[in-house]
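For reference, the structure discussed in these notes is given below.
The values are calculated or read from the model by the stated rules, or taken from the named source; none is laboratory data. Please read all numbers here as calculations on a predicted model, not as lab measurements. Here Cβ is always computed from backbone atoms with ideal geometry, including for glycine, and neighbour counts include all displayed protein chains.
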Amino acid sequence: MEAFNHRLVIFLFASAILIKALEANIAVFDEVWQKRAEEAKKAANEAYNPDPENVAKDFNRRIHEDSETNSTRRNLRKARKGGPCLATNPIDRCWRCRTDWATDRKRLAGCALGFGRRTTGGKDGKLYVVTNPSDSDTVNPQPGTLRYAVIQPYPLWIIFAHDMVIRLSQELMMTDNKTIDARGANVRICNGAQITIQFVKNVIIHGLHIHDIQPGNGGMIRDSVDHFGYRTRSDGDGISIYGSTNIWIDHLSMSKCYDGLIDAIQASTAITISNCHFTNHNEVMLFGGSDSYSGDEKMQITVAFNHFGRGLTQRMPRCRWGFIHVVNNDYTHWLMYAIGGSQHPTIISQGNRFIAPHNPACKEVTKRDYAPESVWKSWNWRSEGDLLLNGAFFVQSGSPFTTRMNKKDVIKAKPGTFVTRLTRFAGSLDCVPNKPC
């Protein structure tokens, strides 16, 4: 009987690993993946900030300082007269108005704010130029392709030789310490599989157009220079972040993906999503994949300066468990709701503009799932300085947003009336060398 119980325990443990592996699209959860999962868990613990309110307040301070030292109205007038470059938020002001951006690309690595502020991507590596848009071999990718670049074992800052359309034949598996920088080229990831950031750390993705993504059929895919394996069918997200830390997604234009545009699950944390333009999609962002996975309590994500535009339905984002700072975004369209969640996430909404749809049944910004009011009334969902238009309303719950910071640092985000300026250049930019972007 004791031997039977021992075998049963082993079977159940193996089954649990297999189930988790299948959830991660990993058909064989071998020693390599087990090691990556353990390293990712350690990285998440190290990246987790026990006082996330401090990060949110620091973000607000940076916005306030930036607006005090730079007159947006004055710059708008000059821009209309052919004057200097216009950068309307502190992330963009860090790099966008410099004419040497093409020769000093890695300056971008010091510009992130929010929970992903420590992300440096491939700053410590060489430039790698993608010259070939093909993706014909997922096990032995050709040098010069994007797939070849992202699996290298050292930091790389990946750029593109010219405009290109890349149709990924299977999901693109990222590795640690990479930047994908599409400035200076019109680069489209479309009509194929997704970008997958799984059990890795320190990744920047900047300047891409990502649209019309479909599930990959699965098969043998190389995920590093010294490992490949069989993967099951991928979800069809634009970008899938799974068990990963220190991720910065900036200035992307995204639409029409099969599943989500950006999903972050399995205790992914230290993430900033900024300056993106989202259109024509149903379920936009999912932060936390299961009500039963409490590991997502470590999830900390900043969503800032994005434009949620035409043709969007819901999940901007939909959250579970973690701490989500939604600041100075422009919500001009939604069909069902804007921000939702379950399992008591903390959601701090500051200085956003919410324009409700004409449908009188869909005026509420928020949506809480799988809990009665007696339960969700204790969840911390707060709205501060939001601009609510066309009948939009935000149902608050929980306690007011507080912090242990010095009172001098407690500065509110820019109010929602500033959002159209702060998000004016959301999405992929048309950058030309020797000129500001």
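Restricted to the range 107-132, and to residues there that are small (Gly, Ala, Ser) and in contact with a Ser or Thr (Cβ under 6 Å, 6 or more places away or on another chain), the residue that is surrounded by the fewest Cβ atoms within 10 Å (Cβ to Cβ) is Ala109.
If you check Leu388, Leu335 for being touching a strand residue (DSSP E or B) at 6+ places or on another chain (Cβ under 8 Å) and within 27 Å of Val55 (Cα to Cα), only one passes: Leu388.
Count of the range 196-239 residues, restricted to those that are assigned to a loop (DSSP other than H, G, I, E, B) and farther than 18 Å from Ala43 by Cβ, is 18. Of the residues examined, Ala264 is not one that is at positive phi, surrounded by 24 or more Cβ atoms within 10 Å (Cβ to Cβ) and assigned to a strand (DSSP E or B). Here Ala185, Ala161 are screened, and the one residue that is surrounded by fewer than 22 Cβ atoms within 10 Å (Cβ to Cβ), closer than 17 Å to Cys431 by Cβ and in contact with a Phe, Trp or Tyr (Cβ under 9 Å, 6 or more places away or on another chain) is Ala185. The residue pairs whose first member lies in the range 338-366 and is on the phi > 0 side of the Ramachandran plot and touching a residue at least 40 places away in the same chain (Cβ under 8 Å), whose second member is buried (at least 21 other Cβ atoms within 10 Å of the Cβ) and in a helix (DSSP H, G or I), and whose beta carbons are closer than 9 Å, counting only pairs six or more residues apart or on different chains, are Gln343/Asp296; Gly351/Asn60; Gly351/Ile63; Gly351/Gly416; Gly351/Val419; Gly351/Leu422.
Among the residues of the range 282-317, how many are under 13 Å from the mean Cα position of the chain (by Cα) and in a strand (DSSP E or B)? Within the range 282-317, residues that are under 13 Å from the mean Cα position of the chain (by Cα) and in a strand (DSSP E or B) number 8.
Within the range 348-379, how many residues are exposed (fewer than 13 other Cβ atoms within 10 Å of the Cβ) and under 18 Å from Trp334 (Cβ atoms)? Residues flagged as exposed (fewer than 13 other Cβ atoms within 10 Å of the Cβ) and under 18 Å from Trp334 (Cβ atoms) within the range 348-379 amount to 5. Report yes if Asp135 is in contact with a helix residue (DSSP H, G or I) (Cβ under 8 Å, 6 or more places away or on another chain), surrounded by 20 or more Cβ atoms within 10 Å (Cβ to Cβ) and at pLDDT 95 or above, otherwise no. The answer is yes for Asp135.
Matching residues to (1) within 24 Å of Cys257 (Cα to Cα); (2) over 22 Å from the mean Cα position of the chain (by Cα):
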| position | (1), (2) |
| --- | --- |
| Thr120 | no, no |
| Gly125 | no, yes |
| Thr175 | yes, no |
| Val203 | yes, no |
| Ile213 | yes, no |
| Asn217 | yes, yes |
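The set of residues in the range 210-234 being farther than 25 Å from Asp430 by Cα and crowded, with 24+ Cβ neighbours inside 10 Å consists of Gly216, Ile221, Asp223, Arg231, Ser234.
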